[in-house]
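Engineer: Input: one structure, supplied below.
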Amino acid sequence: MRSATLPAPSARPTSPLRGARAPALDGLRGVLVLAVIAYHLWSTGDGWHVDPGSVAVDGFFALSGYLITGLLIKEHDDRGRVSMPNFYRRRALRLLPALVFFLVVWLAVDLIFSNGQFLATVPSAHGPGHPVPWMTGLEAVGAALFYVTNLMVIAPISHLWYSYSPISHLWTLAVEEQFYLLWAPALLLLLSLRRRSATLITIGIALVALLEPWAWTGSDFNRLYFGTDTRCAALFCGAACAYIGAADGWRWLRRLWTPVLGLGVVAVLVWSSWAMRQESHDVNIWIIGLELSSVAWALGVVYLVERPWGLMARFLASDLVVAVGQRSYAFYLWSYVMNTWLRDTGPWESVLVIGCTFAAAEVSYRLVEVPMLRRKSRIGQPKAVHVDRAEEPCPPVSPQPARVLAAP
């Protein structure tokens, strides 16, 4: 496998915060989305004692918070201002076309195969789901387009979803978009402050976000699992790391021999993967796993950016892993529904799910995403520039039926 050219240890890191692509971050997306797909595909019932899918979601959140914050800081440093209209145009071009394409296809299948139970089977459930009437499908599509899927799962209204949404995996996209909606304008205020003061404030916000889940331990687990305020810790940890990195505060990572730090991050993530499977036994353990996962992923992103010559960064920057990462948004959209549609199709189920997911994702990526990425890269630029795939949404993890609105 041919690897991307990487700098020597003495070279300045290729960080998106300095206007350079970091191939390892594309590769990281690839590994994270594969963890989610594997968990949905093979964690039937209680067969797994770990939850790599939920931990992977925290990884996407941390990466998104880091990149979005860093790119806005860089725009302010380069131009003396940040254009919010351009920011939201780029976000819309990156996310909406592929989302609309997915929703149109899904709704068409729902209408054609009305009342088909296969449309709403939870991938890790023990039985089929409810049929999906056309009104329920329209409600689910509307929630997705307005980025409120997570709120609808927390407090379903009327007959919405009949206790389960077959596209509830879009809750993670809703959390990220709500974060963008609030955090980007808040950054305008922070960027008017001294860098040190803004960094300390961002760290403080991240600490509050880490503590927020403890305020909801007595509530329904759906409130804790899907709440924007309870799941945004990784986003703000990534944002805080970006602020520190913008001031070159991670330079010590380039000078010191730090594989032990990298191994420590991996060990914490492995433990968190176990802890986040314990929600039905001890919600306190689940929260601790969420907190440690959020911090570990933010530090892991920094580690990859500041040490691109390391073994892990070199693996993640290899061509195949990067290619998967570049298609992670398409995998995010399609993998869960392929898992519902093709569940219980026999011994070839895994092959069918993976094959159809990759095929649908490739169509979406080639025909929808790439043209939109080219247009997105021209927003606010005087001339054509490289296609920037730095700002990516995260794939989903839909919890087990026992911790969501249960399917029969």
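Engineer: Stretch Arg195-Arg81 to full length: gain in nm at 0.36 nm per residue minus the Cα-Cα span?
Structural biologist: Between Arg195 and Arg81, full extension yields 39.6 nm more.
Engineer: Something else about it: Hand me the trypsin sites (Lys or Arg not before Pro) from the stretch 144-252 located in a DSSP loop with no more than 16 other Cβ atoms within 10 Å, in residue order please.
Structural biologist: Arg194, Arg251
Engineer: Let me ask something else. Under 5 Å between amide H atoms, partner at least 5 residues away or on a different chain: which partners does Ser318 have, H built in plane at 1.01 Å?
Structural biologist: Ala4
Engineer: Rounded if a/c is under 1.5, else prolate if a/b is larger than b/c, else oblate: which is the stretch 255-367, with a ≥ b ≥ c the root eigenvalues of its Cα gyration tensor?
Structural biologist: Oblate.
Engineer: Can you work out the FRET efficiency for the pair Val260 and His49, with r the C-beta to C-beta distance and R0 = 35 Å, to the nearest 0.05? Don't skip to the end; give the middle numbers.
Structural biologist: On the way: r = 27 Å, r/R0 = 0.77.
In this case the efficiency is close to 0.85.
Engineer: List the residues of the stretch 202-228 whose backbone N lies under 13 Å from a point placed 7 Å from the Cα of Asn284 along the Cα-to-Cβ direction.
Structural biologist: It comes to 214, 217-218, nothing else.
Engineer: Once you keep just the Cα pairs under 8 angstrom separated by 6 or more residues, what percentage relative contact order results for the stretch 197-254?
Structural biologist: Normalised by residue count, the contact order of the stretch 197-254 is 42 percent.
Engineer: Follow-up question, since we're still on this one. Want the number for Arg366 to Val270: 0.36 nm per residue separation, take away the alpha-carbon distance, what's left?
Structural biologist: 31.1 nm
Engineer: Can you list residues whose amide H is under 5 Å from Met276's amide H, if they're 5+ apart or on another chain and H is modeled 1.01 Å from N?
Structural biologist: So Met276 has HN proximity to Asp51.
None of the figures in this text is laboratory data; all of them are computed from the coordinates on show. This is a predicted model, so every value here is computed, not measured. Quick reminder, even Gly has a Cβ in these numbers, built from the backbone with ideal geometry, and neighbours come from all protein chains shown.
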